[in-house]
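A.B. asks: Here it is, the structure in full.
Quick note: the coordinates plus some simple rules give every number you see, no bench work behind them. All values derive from a computational prediction rather than experimental measurement. For neighbour counting, all protein chains shown are included, and Cβ atoms are generated from backbone atoms with ideal geometry for every residue, glycine included.
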Amino acid sequence: MKIGDTQIEAIKGDIVTQSDIEAIVNAANAQLQTGSGVAGAIHKAAGPDLDKETSPLAPIKPGDAVITRAYNLPNDFVIHVLGPIYGADKPEEDLLSNCYKNAIQLAEERKIKSIAFPAISTGAFGYPLEEATNVTLSTVKVILPTLKHVKLVRFVLFSEKDLALYQQKIEALKDTL
Ligand code: AR6
């Protein structure tokens, strides 16, 4: 589906194997270190040089985004965002929305054409996937028509169930355009 000039799509997969994508997004921690889930997979696949670049950029706040190189990953850049911890960082909708907004804005500034997101905050940080998806899609709906450079936004979901929910929500979004 297209919003403005930008294609949006959802697939089932692993964020570290998106070799046709220029920038992948990390569901990071404030210290920008390795961890469980997405952050662990990204740091492992990128190698130790990623940590050397992220350390001086930390700590970041919920909603913030910073960009680094991608080292051994098959991408050019990693955009690290800190999602809100559900029930603790408030207002969580705005903080989650800022993650997507700031990551896409950084990509746009760097003239990046393609970006892939995991479902930020929906793992260790406990944000219910359906609520998070509503925030995500309403954010991209507003920001994508303003862009010149970003031509592809891919959502990479880790399970069939998560993908099915995204597909259903993207279908519903079509009717609102
Ligand atoms: N590719 C795509 N999606 C994934 C992958 C992967 N390789 N691994 C997990 N997911 P999470 P958060 C899904 O916990 O909730 C870390 O420890 C997962 O099923 O990675 O923002 C950090 O260090 C879930 O739907 O991120 C932070 O402390 C989604 O990605 C904290 O967890 C996000 O899960 C961040 O928590």
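A.B. asks: So, in Å, what gap is there between the alpha-carbon centers of segment 25-74 and segment 93-140?
C.D. replies: 16 Å
A.B. asks: What pairs in 113/169; 44/148; 111/151 have C-alpha atoms more than 22 Å from each other? Don't skip to the end; give the middle numbers.
C.D. replies: Details: 113/169 24 Å; 44/148 33 Å; 111/151 10 Å.
Table pairs above 22 Å Cα-Cα are 113/169; 44/148.
A.B. asks: Contour minus end-to-end for residue 110 and residue 11, with contour as 0.36 nm per residue of separation and end-to-end as the Cα-Cα distance?
C.D. replies: Between residue 110 and residue 11, full extension yields an extra 33.2 nm.
A.B. asks: Further, regarding this structure: Provide the convex hull volume over Cα atoms per residue for segment 1-44, in Å³.
C.D. replies: Cα-based convex hull of segment 1-44, divided per residue, equals 102 Å³.
A.B. asks: Mind jotting down a quarter of the surface of the convex hull over the alpha carbons of the chain, in square nanometres, one decimal?
C.D. replies: With every direction weighted equally, the projected area is 8.8 nm².
A.B. asks: While we're looking at this one, here's another question. To check you understand DSSP bridge types, tell me what percent of the beta bridges within segment 2-174 (both residues inside) are antiparallel, rounded to 5.
C.D. replies: Counting DSSP beta bridges with both partners in segment 2-174, the antiparallel share is about 30 percent.
A.B. asks: Let me ask something else. What ranking do 60, 24, 112 get, fewest neighbouring Cβ atoms within 10 angstrom at the top?
C.D. replies: The most exposed by this proxy come first: 60, 112, 24.
A.B. asks: On average over all directions, what projected area in square nanometres does segment 36-113 have, based on the convex hull of its Cα atoms?
C.D. replies: Result: 5.5 nm².
A.B. asks: So which aspartates and glutamates can residue 161 reach, going by Cα to Cα under 14 Å and dropping same-chain residues fewer than 8 places off?
C.D. replies: 130
A.B. asks: Could you work out [θ]222 nm for the chain from helices alone, using -39500 (n - 2.57) per DSSP H run of at least four and dividing by all its residues? Round to the nearest 500 deg cm²/dmol.
C.D. replies: Details: 5 runs with 65 residues, N = 177.
Calculated at 222 nm, the ellipticity per residue is -11500 deg cm²/dmol.
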